[in-house]
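Enquirer: First the structure, which I've put down as structure tokens, then a few questions once you've had a look.
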Amino acid sequence: MDSNSEFSSVVHKPSRCSECCLKCLSGIPYASLIATILLYAGVALFCGCGHEALSGTVTILQTYFDVVRSPVDALDVFTMIDIFKYVIYGVAAAFFVYGILLMVEGFFTTGAIRDLYGDFKITTCGRCVSAWFIMLTYIFMLTWLGVTAFSSLPVFMYFNIWNTCQNTTLVESSNLCFDLRQFGIVSIGEEKRLCTASENFIKLCESNELDLTFHLFVCALAGAGAAVIAMVHYLMVLSANWAYVKDACRMQKYEDIKSKEEQELHDIHSTRSKERLNAYT
């Protein structure tokens, strides 16, 4: 008897463990998890590559275009680059926290839908939080669309210079110049141009800074695009969760009304039975 009981306990243990694992895995919001991974990858790519690309831009401007940092506290291109770097720090921290909040909301929504009458309860506050996240995610999606469009500007500028360097044999007969005033990097009064016949242009084409900075800006643009896709994915997930929660709330109200009516009918039948019994006695 003891050996049989030990054997049965050993047999049942793996099944209980597998049931527990399946229950835990079924509560994971996989759609929110995929969107969070995509968001973190896009933000990390945008912030990391964008920060290094801005540092490379400073080196290129100071070394090859002879742009000097303003000694006074003026709003020049170097001050703007420093501001962009601080913005990148804030974006990385803010969206790290926002991804965690969306994952937590996904866990609670999945649990509330799956265990409607269990430990989780769908409340009005929960529905308001879901609606708030939908509105906030929509605003962030529009923001990332603007960031993606803005990130394409340095890619376009560096592509022109990089493409000219790759085709130097075709432009030997013509003297092409890149004027920083066209891109608003310097003021109109400053004449900072780099021509293909100059020595600085040849050094720029032979250096690694141009190629590295250009591809870093391309990676930053790809990261911003990935963040946009993540925001769209989050919008689909949050909208689906909102619809499920709304239907679950209606089902919960229906079940509450149904149980209340059944209890009232039961009370009426019990009262009538007692009256009949009293009438017979």
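Values in this text are rule-based calculations from the coordinates and carry no lab data. None of these values were measured; they are calculated from a predicted model. All Cβ positions, even for glycine, are placed from backbone atoms using ideal geometry, and neighbour counts span all protein chains on display.
Enquirer: Going by amide H atoms built from the backbone, whose H comes under 5 Å of the H on PHE178, apart from near neighbours?
Expert: Excluding prolines and chain starts, which carry no amide H, the hits are LEU194, CYS195.
Enquirer: Under a point spin-label approximation (7 Å from Cα along Cα-to-Cβ), what is the SER239-THR164 distance to one decimal in nm?
Expert: Taking the simple label geometry, SER239 and THR164 are separated by 4.5 nm.
Enquirer: Could you give the length gained by full extension between LEU101 and SER187, i.e. 0.36 nm per residue of separation minus their alpha carbon distance, to one decimal place?
Expert: Working it through step by step, the gained length comes to 26.6 nm.
Enquirer: So who's got an amide H within less than 5 Å of the one on VAL67, skipping anything under 5 residues away but keeping other chains? H placed 1.01 Å off N, in plane.
Expert: GLN62
Enquirer: Another question, then. Measuring from label point to label point, each 7 Å out along Cα→Cβ, what is the ALA94 to HIS266 span in nm?
Expert: The modelled label-to-label distance comes out at 5.4 nm.
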